[in-house]
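Take a look at the structure below.
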Amino acid sequence: MTTAPVSIAPRSTTGPREIHVDLEARETTWEIAPGRTVSAWGYQGSVPGPTIVANVGDTIVARLVNSLPEPTVIHWHGLRLPAAMDGTQAVQPLVQPGERFEYRFELPDAGTFWYHSHANETVQIERGLYGALVVLGPDEPAFDADRLLVFDDVKLDRHGRIAKTALIDRHSGREGKVLVINGRSEPHYDIAAGQVERWRLVNACSARYVRLSLGGRPFRIIGGDGGLRNEPVTVTETLLTPGDRVELAVGPFEDEGAEIAIQSLPYRRTAMKRPRHDTWGTLRVGPRAPSVASIPAVLATIDPLVPAGPIEPTRIVRLGARMTFHGHDWLINDETHHHDAPVKVGELQVWEIVNETGMDHPFHLHGFFFQVVAIDGAPVVPTSWEDTVNIVAKGRVTIAFRPDDRPGQWMYHCHILEHHAAGMMGHFEVTR
Ligand SMILES: [Cu+2]
């Protein structure tokens with residue numbers, strides 16, 4: 001099936017607005033491929049849920065109505081919102097069946113974000129409770145078209161239903177064989193020769209890493225989790241862990257009629273999974289069209305939080321595992337659901353995330369963007385703001401962030417949903 005670009009035009013130049021969104025979580029029928037449906041859960045009955053497009057400074061008013069048979073809650077992934085709006089059980093009671101909750105918060109940053117259930121995630125996100133949120137800044141680079149691609153994989157049982165959680169999932173994370181972009185398998189996209197499109201990618205998979213390639217063609221990375229990076233960088237692949245976002249400039253292609261595979265290259269995130277080469281969709285190069293795209297050489301200024309020189313972590317966060325009678329527990333500093341020390345508003349945080357396990361873990365921090373300042377102890381110059389970073393097996397990544405004045409309960413966790421559920425998460429308080 002062919003999919004048209006999404007409309008990501010600014011809605012208004014008349015100043016900040018309130019954007020009202022209804023998000024009823026309910027049972028629905030999800031057409032994952034033409035004529036192939038599964039029973040699922042979706043916001044407003046669609047998977048993904050409604051795409052929210054807003055400007056920096058707008059206020060989101062999102063009304064969650066829970067029409068599911070179990071409690072739920074919505075987390076706004078990557079957004080710097082007040083703690084009370086973060087949508088976790090640490091800051092609000094779960095929204096019970098038949099109940100509702102109104103989220104209200106301002107949008108301080110431009111970028112590609114997403115929202116998803118933060119209750120019984122291994123079931124609720126797998127069944128489709130996620131959607132994207134795009135926030136536009138006042139001065140975005142010009143492109144010929146915008147696309148939003150939300151990657152997900154669905155695990156079906158032999159009856160074609162969304163499979164129940166298996167014991168092995170707790171160890172390796174759940175991966176499904178049905179690969180979908182924006183809820184549909186094998187989509188086709190058309191791009192005019194000579195044109196350049198902005199692609200915003202979200203990895204909504206429970207555990208699958210997407211080492212994205214466009215048939216080996218070069219493309220430019222222009223943004224990460226927290227909006228535009230310092231400058232465009234040309235690559236032939238980029239890795240998206242679960243929870244990750246990346247923004248790309250795709251094109252120009254000169255070969256009219258070419259079919260380019262949107263694929264993921266083999267990636268070994270755990271010795272337990274055989275790395276695979278997968279095709280997610282196809283990009284077709286159509287007749288030539290004029291281009292208005294203009295990508296500046298400098299996209300954003302990323303001022304380093306940590307001065308050059310030796311880096312002294314203020315905190316060590318160790319990712320670990322232990323065998324138990326029910327399989328693996330996943331740990332932070334030797335504890336499941338770790339309670340970490342508070343941090344103070346305005347005090348620079350330099351956290352070394354140490355992966356003691358034999359498997360990669362995507363580390364996600366709620367509510368605050370960080371800079372990656374060292375990898376395996378070697379300083380790196382930060383080029384973007386992130387909220388999710390891969391920590392390779394036995395590897396170490398040092399991140400830095402300075403909590404702004406949003407006190408309350410926050411958390412960090414592995415974004416492999418089964419690992420989060422099995423304990424690889426930490427609570428911490430931001431205090432004044
Ligand atoms: Cu993990």
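Coordinate-derived values only; no laboratory data. Please read these numbers as outputs of a predicted model, since none were measured by experiment. Because the Cβ atoms are built from the backbone with ideal geometry, glycine has one as well, and the counts that use them run over all protein chains shown.
Overview of values
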| item | result |
| --- | --- |
| GNM top mover of P108, P403, P138 - the chain, alpha-carbon springs below 10 Å | P138 |
| Rg(Cα) / (2.2 N^0.38 Å) computed for the chain, rounded to two decimals | 0.94 |
| Cα→Cβ-extended label distance, 7 Å offset, between F325 and V233, nm | 4.8 nm |
| Net charge, T388 excluded, C-beta distance under 11 Å - Lys, Arg +1, Asp, Glu -1 | -3 |
| DSSP beta bridges in the chain [antiparallel fraction, %, rounded to 5] | 75 percent |
| Charge context of F101, other residues only, Cβ under 13 angstrom, K/R +1, D/E -1 | -2 |
| Per-pair calculated FRET efficiency, R0 = 30 Å: S67 and D190 via Cβ, rounded to 0.05 | 0.25 |
| Cβ-Cβ FRET estimate between R274 and A84, R0 fixed at 60 Å, reported to 0.05 | 0.85 |
| Cα-centre dipole for the range 1-144 with unit charges at Cβ (Lys and Arg positive, Asp and Glu negative), debye to 20 | 180 debye |
| For the range 261-272, Karplus couplings with θ = phi - 60° (6.51, -1.76, 1.60), whole Hz, Gly/Pro x | 7, 8, 9, 10, 7, x, 9, 9, 8, 8, 5, 7 |
| Gaussian network model of the chain, Cα within-10 Å springs - most flexible of A132, A145, A33 | A33 |
| Karplus-derived 3J(HN,Hα), 6.51/-1.76/1.60, for each residue of the range 77-94, Hz, glycine and proline x | 6, x, 8, 8, 10, x, 3, 5, 9, 5, x, 10, 5, 6, 10, 8, x, 4 |
| Shape of the range 277-376, Cα gyration tensor, a/c cut at 1.5 | oblate |
| Gaussian network model of the chain, Cα within-10 Å springs - most flexible of G128, G224, G358 | G358 |
| Positive-end extreme of charge dipole, the range 202-355 - chosen from V350, P310, G286 (charges on Cβ) | G286 |
| Computed [θ] at 222 nm, deg cm²/dmol, the chain (DSSP H ≥ 4; -39,500 (n - 2.57); rounded to nearest 500) | -500 deg cm²/dmol |
| Within-9-Å neighbourhood charge of G45 [Cβ basis; K, R +1; D, E -1] | -1 |
| Nonlocal Lys pairs with alpha-carbon distance under 19 Å, the chain (8 or more apart, or different chains) | 6 |
| Dipole magnitude of the chain about its Cα centre (Cβ charges: Lys, Arg +1; Asp, Glu -1), debye to nearest 20 | 900 debye |
| Electrostatic dipole magnitude of the range 211-259 [Cβ: Lys, Arg +1; Asp, Glu -1; Cα centre; debye, to 20] | 240 debye |
| Extension gain, T431 back to A393 (0.36 nm per residue minus Cα-Cα distance, nm) | 10.4 nm |
